[in-house]
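Report on the structure given below.
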Amino acid sequence: MKVIAVINQKGGVGKTTTAINLSVGLARSGKKALLLDLDPQANATSGLGRKVAEDKNDYGIYELLSGQNKSNETIQAIEKNLWLIPSSKDLAALEMEVSQTGNWHGLLKQRLGLLNEPEFIIIDCPPALGVLTINALTASDYVLIPMQAEFYSLEGIAQLIELYKKIKHTHNPDLAILGVLLTMFDNRNTLSKNVEDELKKYFGKLLFNVKIPRNVRLAEAPSYGISIYDHDKWSKGTKAYKSLVKEVIDRVN
Ligand SMILES: Nc1ncnc2c1ncn2[C@@H]1O[C@H](COP(=O)(O)OP(=O)(O)OP(=O)(O)O)[C@@H](O)[C@H]1O
Ligand SMILES: [Mg+2]
């Protein structure tokens, strides 16, 4: 089982879009995948909303982490090879509740330890470097960092890398960076290309070969509660996320 945390404390850089379409893509390549929504905004949950059972939304990541429910009670089957642990606004309260307790950083790891079915767990993190993201870093094998191709994208990355190193050093020595993913890339825009050059210098081989293009079909899909594969399987976005799935499988092996 490989656990991949999709992390960037910057908001709106494509974390959730990547988490959803990577999970669905892995499932459709025959890998058993679990998408774990670790964001109180619950965008990954609503992004697959058409397939999420509403009556089961009472049980999700909050209930799992607070110990009210067991992992098998919070997992929902979405389609062949794909499962979801949904989120809800309640998750926002968890931060306060657990930060008083001793071993709060290892809570998620402990709860996920009971799962052995999925080959991949993809964690959609909130745009913050708080309790939830620290739990994700402690529970994961890999970090995947989506970055928007824009002028300010490198800002804050030093802080993210510092936290990554700190958790690796203190709680999770095997943690590794799986890759940095350029999102919302615009080929016709010289700024996008300059940012790419900049990131290549900074991250070298860690930068994924595939770049996710800016593609309106990717932005539309969540409003229908479906992934890009079901919304428009011939779109540029679908092609790009399919390439990402291949690269992720290669890198993990
Ligand atoms: N490649 C893309 N092309 C066009 N629109 C995109 C693309 N990727 C994401 N978007 C849109 O940009 C917005 C932000 O994306 P997303 O929700 O995936 O980011 P996020 O990092 O998860 O945000 P947050 O930090 O709030 O959780 C959404 O409206 C999404 O539909
Ligand atoms: Mg998000």
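The values are calculated or read from the model by the stated rules, or taken from the named source; none is laboratory data. Being a predicted model, the structure only gives us computed values, none of them experimental. Here Cβ is always computed from backbone atoms with ideal geometry, including for glycine, and neighbour counts include all displayed protein chains.
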- prompt: Would the stretch 173-196 turn up any residue that is charged (D, E, K, R), out of contact with any Gly (no Cβ under 6 Å at 6 or more places or on another chain) and within 21 Å of Val252 (Cβ to Cβ)?
  reply: yes
Taking the stretch 90-134 and keeping residues part of a loop (DSSP other than H, G, I, E, B) and within 16 Å of ligand 1 (Cβ to nearest atom) leaves Cys125, Pro126, Pro127, Ala128, Leu129, Gly130
Listed by first then second residue, the pairs whose first member lies in the stretch 216-230 and is on the phi < 0 side of the Ramachandran plot, whose partner is at pLDDT below 95 and away from ligand 2 (no atom under 15 Å from the Cβ), with beta carbons under 7 Å and at least 6 positions apart or on separate chains, are Tyr224/Arg50; Ile226/Arg50
Conditions (1) over 20 Å from the mean Cα position of the chain (by Cα); (2) surrounded by fewer than 20 Cβ atoms within 10 Å (Cβ to Cβ) -> Ala219 fails only (1)
When restricted to Thr133, Thr183, Thr138, Thr190, the only residue in contact with a Cys (Cβ under 8 Å, 6 or more places away or on another chain) and within 28 Å of Val210 (Cα to Cα) is Thr133
Within the stretch 1-32, of all residues that are surrounded by fewer than 24 Cβ atoms within 10 Å (Cβ to Cβ) and under 18 Å from Thr74 (Cβ atoms), the one nearest to ligand 2 (Cβ to nearest atom) is Val3
Restricting attention to the stretch 110-129, does a residue exist that is within 16 Å of ligand 2 (Cβ to nearest atom) and of a type in the set (Gly, Ala, Ser)?
yes
| request: Could you tell me whether Leu22 is at pLDDT 95 or above and more than 14 Å from ligand 1 (Cβ to nearest atom)? | output: no
